[in-house]
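Quick notes on the structure that follows.
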Amino acid sequence: MRQAQADPTGENLHQWRKATKTLWYQLRLVRNYNVESITPLLEPLDNLGRTLGAEHDLTVAIAEIEPGQGRRKEAKCQRKAIRVDAFAQGQLIFAPKPKAFARSLDLTLA
């Protein structure tokens, strides 16, 4: 997320989406070890992955639209709104620092 915020290219946002989806899959695998802390993260992560997927779809579509066409401008406006939404969602999910986030999951297997 930080890389995508610092340099919001389509590629960086796509990498963020892949990392988000990976975390979502990983947490689904281990949720039974701490249902109370993991389950509430699953839906927001899934929603963020879908939002970033929509952003990626628009990025690909924009590349296919001829410059100067009204549809291209409209798609860029939609993509900008989606990016704002994605970063807002990401701030809620990833507000804790990584070590604090990991501790909050409490996945001790002992």
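The values are calculated or read from the model by the stated rules, or taken from the named source; none is laboratory data. Bear in mind that the values here come from a model prediction, so they are computed numbers and not experimental data. Backbone-built Cβ (ideal geometry, glycine too); neighbour counts: all protein chains shown. SASA here: full protein model, heavy atoms, side chains in, ligands and nucleic acids out. Shrake-Rupley method; radii C 1.70, N 1.55, O 1.52, S 1.80 Å.
The table below lists the values:
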item: Selection count where residues are within 30 Å of ILE62 (Cα to Cα) and surrounded by 15 or more Cβ atoms within 10 Å (Cβ to Cβ), scope segment 20-31; result: 4
item: Filter pass, ASN34 being open to solvent by less than 50 Å² (accessible area, probe 1.4 Å) and either under 13 Å from PHE94 (Cα atoms) or touching a residue at least 12 places away in the same chain (Cβ under 8 Å) (or both); result: yes
item: Hits in segment 1-16 (condition: open to solvent by less than 70 Å² (accessible area, probe 1.4 Å) and either small (Gly, Ala, Ser) or assigned to a helix (DSSP H, G or I) (or both)); result: ALA4, GLY10, ASN12, LEU13, HIS14, TRP16
item: Candidates ALA75, ALA95, filtered to the one that is at pLDDT below 95, among the small types (Gly, Ala, Ser), over 11 Å from the mean Cα position of the chain (by Cα) and surrounded by fewer than 12 Cβ atoms within 10 Å (Cβ to Cβ); result: ALA95
item: Of residues in segment 12-31 being of a type in the set (Phe, Trp, Tyr) and touching a residue at least 12 places away in the same chain (Cβ under 8 Å), the one nearest to ARG2 (Cα to Cα); result: TRP16
